[in-house]
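A.B. asks: Quick one: structure below, then a few questions.
The values are calculated or read from the model by the stated rules, or taken from the named source; none is laboratory data. All figures in this text were calculated on a predicted structure; none of them were measured in a lab. Methodologically, a virtual Cβ is constructed for each residue, glycine included, from the backbone with ideal geometry; neighbour enumeration extends over all protein chains shown. All accessible areas refer to the heavy atoms of the entire protein, side chains included, with ligands and DNA or RNA removed. Shrake-Rupley method; radii C 1.70, N 1.55, O 1.52, S 1.80 Å.
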Amino acid sequence: MTLLTALQRRSDDPRRRMPPAAVTMAVLVLLTMLACVLVPGLLAPHPPDAVVPEAALLPPGPGHLLGTDELGRDLLSRIIHGSRLSLVVGAAATLLALAAGSLVGLVSGLFGGIVDAVLMRVVDIMLAFPALLLALGAVAVLGSSPTRLAVAVGVSNIATFARLVRGDVLRVRARPYIKAATVSGVRPARLLLRHVLPNIGGPALSLAVLGFGVAMLESSSLSFLGFGPSPPAADWGILAAAGRANLAEAWWLSTFPGVAVAVTVLATTALGRAAQDRLAVQ
Amino acid sequence: MWRTRPGDRSGIRWRMLRRRLLSAVPVLLGVVTVAFGIVHMIPGDPVQIMLGTGGAFVDPEREAVLRHELRLDRPLPDQYLAFLAALLRGDLGKSLQTGEPVTALVAEAAGPSLALAGTALVLGLLLGAGGAVLGELTRSRLLRAMLSRLPVLAMALPAYWVATLLLQVFSFRLGLVPALGSTGPGATVLPAVTLALPLAGVVAHVLGSGLRTADRESYVLMARAKGATRARVVLRHMLRNTAVPVVTLSGTTVGSLLGGGVVAETIFGRPGLGRLIVNALQNHDYPVLQGVAAFLGITMVVISLIVDVAYTYLDPRVVSAAVWK
Amino acid sequence: MSYGVSRPVRALAVPAVVALLAAGCTAEPTSSGSTTPKRGGTLTIATDTDPGCLDPQQSPAAAALLTGRGVVDSLVAQDPTGGALVPWLAESWTVDQRATAFTFKLRTGATFSDGSPVDAAAVKANFDRIVDPATKSLLAAGLLAGYTGTTVSDERTVVVRFGQPNAGFLQAASTAFLGLQAPASFAAGPASTCRAVVGSGPFTVADYVPQQQVVLARRAGYRWAPKFAAHQDDAYLEKVVVTIASDNGVRSGSLRSGQVDAAGAVSPRDAAALDQDGFPVHKREQAGIAYSLFVNSAKEPWNDVALRRAVSRAIDPALIVKTLYQDRYAPAGSVLTPTTPDYVATAQPASAAEAARLLDAAGWVAGPGGIRSKNGQRLSLRWSYVAPAREQRDLLAQLVQQQLKAVGVEVVLEPAPVGDVIAKQSKGDWEMSDISFLRADADVMRTVLQSSAGGRPPVVADQALARDLAAGAATTEPEARRNSYHEAQQRIADQALAIPVYNPTYLLAVNKSVRGAGFDAQGLPQFYDTWVDR
């Protein structure tokens, strides 16, 4: 929650914009990730589940760029195949949180009064629990298939999105022309469609891109703690957790999956901030 | 400009506080209800799990006795009311696993968790604020550029990755700090750094963007015109004016530090609330789960109250806004 | 937890009645330096699990035994070398013909650390307390199954009675689960002994910080160690600090960097590396149920013995132990480990070809993706195992998944928190499962695999097997027991009711200053004879 709220804040200093080079880099990284999700078989040098006992725990080298695990499976290939789980879960969770959060935020911000008070108290209640623990509880209730993991992570972030979207709605509502429209008797539904939605769509989308990074961190942490999808499928959190067993002998096992998470989060964050910059210009 | 007389302000502050306190009541009730609800929605029968851990020797009679003793044979609404009533008396029940009072378990785990969260909070604020201020003051373009990128990097690193790396390098390779337990201040360093990094990123990011915005505000120009040094302007004027969002963030962060430390606690083998929850989750220890969740929820509600009150001191506009409402 | 089950019952994880026979015990590595034990000093040992509750009468956890063994003494003691039952707090005993009445004559002079005497009344108070439902004993009460009461004949003589034969009781009485505690400590309720067990052992509990550490302090005036101990009187170590670190890497890393003197339950890979770097590794193969897989014979289509046999032949334990454990654990030869009395080798060599032949003959043919099916049903096994797993059992599951896939059987892996796994197992809702369990008595097959108590279906259900196991439990005649248990093991192998994989082995790595390290009869590190040379 904190993370997303922080990322969403930006300065309006034009000198602080994302440099184009960084944006290009981010887009390239994300396109690579997308390729991994779509056609992992083409990119991975080895099958992800091929057990080769003789090749166990090889350090990174020419044959295996990122080394191998205890069963001699190629780590790079496992990371590439794991991207599907990691990224899709993150994206689905973000979409869920965005959709539900926006709905709550819109209703709350538009109707105000008792509706706002009740909804915001509900949001307060959800925010009172650390997101990771809320997601942990949700996984315990729902089970840990990838779909349910996404739901759990999504649910735990609804409140944050609701808060931020409501803030945007209030800002839009405070603009003179909207005030005028309200006073002149434009119905709420019309107000929503004509004036509010177009104005908060952009911020909400950039929020979603930033939220994706947060969801990835959270879902991979859940996987790391052992509440993720089942083997042999392995997302990046599971790969990192599995590497702990042989931390002393094989540093690469837990290092590279974590790097994959960090790089993805960095890239989406850069993109999200670039989107904010564009909005600011408009 | 927006100064009101001091007497006025404290009255308004008190009225605000009262309204805030009242609105916290339904939230508190909601928090404990959610805690109860989630716990009872988790599939699996705690009694069977308890007996299951005992091997294959258990007889049904024993199961019935246990179920009755734990009040698990009563309808859910009854259990809920009993839970609320006991909570009001400050009684969170007893652990299914060990039979110890949950309040004692929570109190015991809260100690190390608070120590860790506190250290991480201080460390995060120092690092974050230091980075942001340095970025604002430095003349080196390189340093400035680096300091404005680092916060996002710090936020993007997964905690489990940072923790594993720190453990590898500082404990195993260099032998600087112990890897085990929470004995002594040395053992708190690495987990605290793990938790402090993203927080420092958040603080630096928020403070940095606030400082840059403040840079063009009229009072800054005025102070500069009066001949104040750049450092003085940043430290005396701008910092105070941009502190509000940082206070909010620190407040909301304490919750995630307290409960969200679970990853660091697991890797560094520290006791704490996060591990208490995971352990209870794995063993379906309802009372402990309920207890920790309720404790964390209530703590957060209280902290956000404190943060709101802190506002009125940091930023007079909050009180004046209340007057004009 | 350390050893035992990971399946229906985590605690099985814990040696029910544990103990170990000599056979699997490797000789202690000899190290140069002083050979005269030194008194004093602190031993810090990192172990993998928090006991949760220190009281072995309540907790089933192996971790509670690890710390509890130094604190409580038992009526009888089992010699780690040879497995014989010898006097401890009881100087002699007799058993009636039917194994329902056990008369113990207590030794004189033994006292609990609170000063009270170890007398007949204390024995009665302990056993009565264990079976009291208020104690919520999770395992010890099961060892006293059929307990009807204890009679105090005189100050030093007690008779423990059972309503049905309990031939395994004597051995059970040698474990810390049935170890004697000071009756006065029971008054404050079960929760208080979870924090501080008061026994008559060479150590007392000085401090317990859950999830962190247990500190044992030496007790002065200890004069009643079992005969097989390397020394009598007080323990050498002044203090033992048992630190809890669930990560393999953290335990071995801490040993290397000198933060601890010993690391328990180290992984075979770590053990190899530590050994090479000059850290002596002590090894103990444990007795009881080998780590085995089970296919639920009560479920369609697995009630067909041909399918179970095919699965059993398709799994290759030799390759598994080579890949995962670098041959530091031995592949299992039977559902019991070789160190268990009445063990008999039953294993057949793995053969994927034979597995495929059996499946073909049963009419299951390969479909899309190589998975076999028959009448539209896929040949698939759901396997819910405990996560986080120890001994790399998660990787083992993935290897098994691959080996079965090679013959056209799909395995769906469902790692889950221990609570969830138990909940499913206890309803009989499982297709494949895994277990290991410590107990140096073949009766473990009856109490763990065959029992249907508590409404839980047995892990293995078979009429002929049930007869063999009942026969073994009802006699104290060694020859008759051996025959029954050999037959039982053959039956389990023939019907493919269990698929044994490896013999669980405890690996304890220490630094060079640690001397006299070894294992108690239960296969867990003991501290009484251990000393530090520095």
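A.B. asks: Describe numerically, in nm with one decimal, the distance between label points set 7 Å from Cα along Cα→Cβ at B:VAL302 and at C:ALA229.
C.D. replies: With each label placed 7 Å out from Cα toward Cβ, I get 4.8 nm.
A.B. asks: At a cut-off of 10 Å², which residues of region B:283-313 become less accessible once all protein chains are present than in their chain alone, using a 1.4 Å probe?
C.D. replies: Buried-area filter returns B:ASN283, B:HIS284, B:ALA293, B:LEU296, B:GLY297, B:MET300.
A.B. asks: By how many degrees, 0 to 90 and rounded to 10, does the Cα axis of helix B:76-88 deviate from the longest principal axis of chain B?
C.D. replies: Orientation of helix B:76-88: about 50 degrees from the principal axis.
A.B. asks: Taking θ as phi - 60°, what are the ³J(HN,Hα) couplings along region B:297-313 by the Karplus curve (6.51, -1.76, 1.60), each to the nearest whole Hz, with x for Gly and Pro?
C.D. replies: The phi angles translate into x, 5, 4, 5, 4, 5, 4, 5, 4, 4, 4, 4, 5, 4, 3, 4, 8 Hz.
A.B. asks: Placing +1 at every Lys and Arg Cβ and -1 at every Asp and Glu Cβ, with all other atoms neutral, what dipole size does the protein assembly as shown have around its Cα centre, in debye to the nearest 20?
C.D. replies: 6000
A.B. asks: Measure out, as a whole number of angstrom, how far apart the alpha-carbon centroids of region C:43-80 and region B:95-112 sit.
C.D. replies: If we compute the Cα centre of each part, the gap is 21 Å.
A.B. asks: So, one more: In nm, to one decimal, how far is the modelled label at B:GLU69 from the one at B:LEU114, with both set 7 Å along Cα→Cβ?
C.D. replies: Between B:GLU69 and B:LEU114, the label points sit 3.2 nm apart.
A.B. asks: Ok, one more. Determine the residues within region C:376-416 where the difference in accessible area between the chain on its own and the full set of protein chains amounts to at least 50 Å²; count protein heavy atoms only and use a 1.4 Å probe.
C.D. replies: At a threshold of 50 Å² (probe 1.4 Å), the residues of region C:376-416 that become less exposed are C:LEU395, C:GLN398, C:GLN402.
A.B. asks: Right, here's the next one. Keeping every protein chain present and rolling a 1.4 Å probe, give me the accessible area per residue for chain C in Å².
C.D. replies: Accessible area per residue, chain C: 32 Å².
A.B. asks: Let me ask you something else. How big is the C-A contact in terms of buried accessible area, both chains counted, 1.4 Å probe, rounded to the nearest 100 Å²?
C.D. replies: Buried area (both sides, nearest 100 Å²): 1700 Å².
A.B. asks: If you line up the long axis of helix B:102-137 against the longest principal axis of chain B, both from Cα atoms, how many degrees apart are they, to the nearest 10?
C.D. replies: For helix B:102-137, the angle is close to 20 degrees.
A.B. asks: Using the Karplus curve 6.51 cos²θ - 1.76 cosθ + 1.60 with θ = phi - 60°, what ³J(HN,Hα) values do you get for each residue of region C:396-408, in whole Hz, with x for Gly and Pro?
C.D. replies: Working through the residues one at a time gives 4, 4, 5, 5, 4, 4, 5, 5, 6, 4, 4, 9, x Hz.
A.B. asks: Further question: Any chance you could check the Cα centroid distance between region C:287-305 and region A:165-205 for me, in angstrom?
C.D. replies: Result: 64 Å between the Cα centres.
A.B. asks: Moving on to the next point. Taking only C-alpha pairs under 8 Å that are 6+ residues apart, what is the relative contact order of chain B in percent?
C.D. replies: Relative contact order for chain B comes out at 29 percent.
A.B. asks: By how many nm would the segment from C:THR94 to C:ASN303 lengthen if fully extended, with 0.36 nm per residue of separation less the alpha-carbon distance?
C.D. replies: Value of the extension gain: 70.7 nm.
A.B. asks: Can I ask one more? Quick check: at a probe of 1.4 Å, how many percent of the accessible area of the protein assembly as shown sits on carbon and sulfur atoms?
C.D. replies: 62
A.B. asks: Let me ask something else. Go ahead and run the numbers for FRET between A:GLU54 and C:SER380, Cβ-Cβ distance against an R0 of 25 Å, rounding to 0.05.
C.D. replies: 0.25
A.B. asks: Please sort B:153-165, C:300-312, B:196-208, A:267-279 by packing, taking for each peptide the average over its residues of neighbouring beta carbons within 10 angstrom, highest first.
C.D. replies: So the peptides B:153-165, C:300-312, B:196-208, A:267-279, ranked by packing, come out B:196-208, B:153-165, A:267-279, C:300-312.
A.B. asks: Computed on protein heavy atoms with a 1.4 Å probe, what is the summed buried accessible area for the chain pair B and A, in Å² to the nearest 100?
C.D. replies: The B and A chains share an interface burying roughly 4400 Å².
A.B. asks: If you take each beta carbon of peptide A:114-127 and count the beta carbons of other chains within 10 angstrom, what is the mean?
C.D. replies: 4
A.B. asks: Using amide H atoms built in the peptide plane, which far-off residues or other-chain residues are under 5 Å from A:THR68 H to H?
C.D. replies: A:LEU57, A:LEU58, A:LEU75
A.B. asks: In whole Hz, what ³J(HN,Hα) sequence does region A:69-80 give by Karplus (6.51, -1.76, 1.60; θ = phi - 60°), x for Gly and Pro?
C.D. replies: Rounded to whole hertz, the list is 9, 4, 9, x, 7, 6, 5, 4, 4, 5, 5, 4.
A.B. asks: Also, I was wondering about something else. Convex hull over the Cα atoms of the protein assembly as shown, averaged projected area in nm²?
C.D. replies: For the Cα atoms of the protein assembly as shown, the hull's average projected area reads 48.4 nm².
A.B. asks: Per DSSP helix of 4 or more residues, -39500 (n - 2.57); summed, then divided by the residues of chain A. What does that give at 222 nm, rounded to the nearest 500?
C.D. replies: Result for chain A: -24000 deg cm²/dmol, rounded to the nearest 500.
A.B. asks: What is the calculated FRET efficiency for A:ARG194 to A:LEU95, with r their C-beta to C-beta distance and R₀ = 30 Å, to the nearest 0.05?
C.D. replies: E between A:ARG194 and A:LEU95, to the nearest 0.05, is 0.75.
A.B. asks: Rounded to the nearest 0.05, what FRET efficiency do C:ALA361 and C:GLU479 give with R0 = 51 Å and r taken as the Cβ-Cβ distance? Could you check?
C.D. replies: 0.80
A.B. asks: What's the angle, to the nearest 10 degrees (0 to 90), between helix B:6-41's Cα axis and the longest principal axis of chain B?
C.D. replies: Helix B:6-41 sits at roughly 30 degrees to that axis.
A.B. asks: If A:LEU65, C:LEU66 are ordered by their accessible area, calculated over protein heavy atoms with a 1.4 Å probe, which sequence runs from highest to lowest?
C.D. replies: Order by accessible area, largest first: A:LEU65, C:LEU66.
A.B. asks: Using 7 Å Cα-to-Cβ label points, what is the B:VAL169/B:ALA82 separation (nm, one decimal)?
C.D. replies: 5.3
A.B. asks: What whole-number value in Å² describes the accessible area per residue of region A:84-280 for a 1.4 Å probe?
C.D. replies: 35
A.B. asks: To the nearest 10 square angstrom, what accessible area does C:SER351 show with a 1.4 Å probe?
C.D. replies: Per-residue accessible area (C:SER351): approximately 30 Å².
A.B. asks: Hey, how many Å between the Cα centroid of region C:322-389 and the Cα centroid of region B:220-254?
C.D. replies: Cα centres, region C:322-389 to region B:220-254: 68 Å.
A.B. asks: Between A:VAL141 and A:THR32, what is 0.36 nm times their sequence separation minus the Cα-Cα distance? Round to one decimal in nm.
C.D. replies: Taking 0.36 nm per residue and subtracting the Cα distance, the gain is 35.8 nm.
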